[in-house]
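Everything on this sheet refers to the single structure shown next.
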Amino acid sequence: MLTLNYSRTSYSRITGLSTVIAALTFSNSTLEAQTVSGTIDASITLEDACSVNGEEGAAVDFGSLAFGTHSALFDQADAQVAGGGGITVLCSPGVTPTFTLLSGLHDNQASPATHAMQDTAATAFVGYTLYTDTARTEALAVNDTIILSAFASTPQTIDLYGRAFGDPGNLPAGTYEDTLNVELSW
């Protein structure tokens, strides 16, 4: 006859060990089986925009018209806006911008020119006019506009040329300056 001797302590150990194994098995299966899915919404709103010479904003530098240094007895001097590179405009696709020459600080102060540069002593003016062609035959008057083509993806250049008109024997030596107000709208 086979007799099994077990004590209450042995039975408790076996039962306790079984409980621990079952608990570990259950907790392990619950740790690796959980998944939650969802979404993240992303959005952006873009407005039509243009940049001039790589700059955006309300007060952009459109370039300069530097006629250089000449004798006070000069007759004519030519220059191009932005030192020969023109005004580079880049807009978002589909935009058709308009460039407008608004005014200068001393318009109509020196004939036959549209604009005038005033000397630092505020006693004399050198007249000048802007043109849209290198031959300087297509003058750009105050409030004249240049309409650019609708943009696809490449920048466009506005070439503006200036001609300053001297008054030999009547202009004192010195530095003459003016500021032109221009606008790009779309």
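Where strands (runs of 3 or more DSSP E) sit wholly within segment 43-135, those with at least 3 residues that are touching a Pro at 6+ places or on another chain (Cβ under 6 Å) and surrounded by 12 or more Cβ atoms within 10 Å (Cβ to Cβ) occupy 87-91.
Take residue 80 and decide whether it is of a type outside the set (Phe, Trp, Tyr), in contact with an Asp or Glu (Cβ under 8 Å, 6 or more places away or on another chain), modelled with pLDDT of 95 or more and at negative phi. So residue 80 fits the description; yes.
Determine if segment 7-15 includes at least one residue that is outside any helix (DSSP H, G or I), more than 30 Å from residue 129 (Cα to Cα) and at pLDDT below 95. Yes, there is a match, as at least one residue in segment 7-15 is outside any helix (DSSP H, G or I), more than 30 Å from residue 129 (Cα to Cα) and at pLDDT below 95.
Look through 107, 133, 144, 119 and report the one residue that is under 31 Å from the mean Cα position of the chain (by Cα) and over 24 Å from residue 60 (Cβ atoms). Being under 31 Å from the mean Cα position of the chain (by Cα) and over 24 Å from residue 60 (Cβ atoms) holds for just one of 107, 133, 144, 119, which is 133. Per the listing 150, 121, 139, 135, the residue uniquely out of contact with any Phe, Trp or Tyr (no Cβ under 8 Å at 6 or more places or on another chain) and without any contact (Cβ under 8 Å) to a residue 40 or more places away in the chain is 135. For segment 159-178, the set of residues classified as surrounded by 11 or more Cβ atoms within 10 Å (Cβ to Cβ) and out of contact with any Gly (no Cβ under 6 Å at 6 or more places or on another chain) consists of 160, 161, 162, 163, 164, 166, 167, 171, 174, 176, 177, listed by residue number.
If the condition is being of a type outside the set (Asp, Glu) and assigned to a loop (DSSP other than H, G, I, E, B), then segment 151-165 contributes 151, 152, 153, 154, 155, 160. All of (1) more than 14 Å from residue 180 (Cα to Cα); (2) in contact with a Gly (Cβ under 8 Å, 6 or more places away or on another chain) hold for residue 116 with one exception: (1).
The values are calculated or read from the model by the stated rules, or taken from the named source; none is laboratory data. Since the model is a prediction, treat every value here as computed from it, not as a measurement. A quick note on method: Cβ atoms are made from the backbone with ideal geometry, for glycine too, and the neighbour counts reach across all protein chains shown.
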